[in-house]
Amino acid sequence: EAQVTQNPRYLITVTGKKLTVTCSQNMNHEYMSWYRQDPGLGLRQIYYSMNVEVTDKGDVPEGYKVSRKEKRNFPLILESPSPNQTSLYFCASTLTRMHNEQFFGPGTRLTVL
Amino acid sequence: AQSVTQLDSHVSVSEGTPVLLRCNYSSSYSPSLFWYVQHPNKGLQLLLKYTSAATLVKGINGFEAEFKKSETSFHLTKPSAHMSDAAEYFCVVSYRVVSSNTGKLIFGQGTTLQVKP
């Protein structure tokens, strides 16, 4: 089954404790993104990757890192989480950077205390 | 500049009655437009998309949307609401970022659809 998976689905952590949210897709997509969803703001792009070893900032990149060592995986790293990063996070992928339709993962609900 | 505005943050309808979720967009180019649906504790699922073909677009689960360039609107409709339609709906505009030659999505704020029995 074609899908985007994320882990963990739920995470409660404390300020300053490094964490990684994994994202994996099995569709051989080149382009992957991370979004955060906050009430009344819709989804905002954090980082994106056009292919292996090619990443760039989205609209709200502060406090986040990403890497793309393999085509299928695109982890999101919070080196020192803060309470304002409490949010619902979505990973998405699309076939190439020229395509518009994105496939979304199920989401990761993160709470930073 | 590209933007998208969903005119209602919350819409409540009775089961069996029509649904109208309103979306206006602003785009310097011919846009691609999408509607996504998000059920509770789920990811976003594509309902339908407009990419400069027919202006009336049919999607899954009986939803459709009409692209009206003169009104810069892309409203989502369904003739008869079902309880399972209760969810959050996002209108999305896509455009090309020239400098990086990538597609970029701009999401509306979302509309929560409540369906009453």
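Here are the numbers for the structure shown:
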| quantity | calculated |
| --- | --- |
| Region B:35-49, residues that are among the polar types (S, T, N, Q) and more than 8 Å from chain A (Cβ to nearest Cβ) | B:GLN38 |
| Check on B:VAL98, within 14 Å of another protein chain (Cβ to nearest Cβ) and surrounded by 20 or more Cβ atoms within 10 Å (Cβ to Cβ) | no |
| In region A:28-66, residue most open to solvent (accessible area, probe 1.4 Å) [restricted to those that are over 23 Å from B:ARG96 (Cα atoms) and more than 11 Å from chain B (Cβ to nearest Cβ)] | A:GLU62 |
| Tally, over region B:33-58, of residues that are more than 10 Å from the chain's Cα centre (by Cα) and either of a type in the set (Asp, Glu) or within 27 Å of A:ARG109 (Cβ to Cβ) (or both) | 8 |
| Residue, farthest from the other protein chains (Cβ to nearest Cβ), within region B:1-34, restricted to residues that are among the β-branched types (Val, Ile, Thr) and under 19 Å from B:GLN109 (Cβ atoms) | B:VAL19 |
| Residue that is modelled with the lowest pLDDT [pool: residues in region B:35-52 that are of a type outside the set (Lys, Arg) and open to solvent by 80 Å² or more (accessible area, probe 1.4 Å)] | B:SER52 |
| Within region B:50-67, considering residues that are in a strand (DSSP E or B) and of a type outside the set (A, V, I, L, M, F, W, C), the one farthest from the other protein chains (Cβ to nearest Cβ) | B:GLU66 |
| Test set (1) among the polar types (S, T, N, Q); (2) touching a Lys or Arg at 6+ places or on another chain (Cβ under 6 Å); (3) within 23 Å of A:GLY40 (Cβ to Cβ) - B:SER14 fails condition number | (3) |
| Selected residue [of a type in the set (A, V, I, L, M), part of a strand (DSSP E or B), over 23 Å from B:LYS42 (Cβ atoms) and away from chain B (no Cβ under 12 Å)] from A:ILE77, A:ILE12 | A:ILE77 |
| Sole exception among (1) of a type outside the set (Gly, Ala, Ser); (2) in contact with a strand residue (DSSP E or B) (Cβ under 9 Å, 6 or more places away or on another chain); (3) within 13 Å of chain A (Cβ to nearest Cβ); (4) without any contact (Cβ under 8 Å) to a residue 12 or more places away in the chain for B:TYR89, by number | (4) |
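The values are calculated or read from the model by the stated rules, or taken from the named source; none is laboratory data. Here the structure is a predicted model, which is why all the values come from computation and not from measurement. Note that we place each Cβ from the backbone using ideal geometry, even for glycine, and neighbour counts take in every protein chain shown. Ligands, DNA and RNA are stripped out before the accessible areas are found, and what is left, the full protein with its side chains, is counted by its heavy atoms. Shrake-Rupley method; radii C 1.70, N 1.55, O 1.52, S 1.80 Å.
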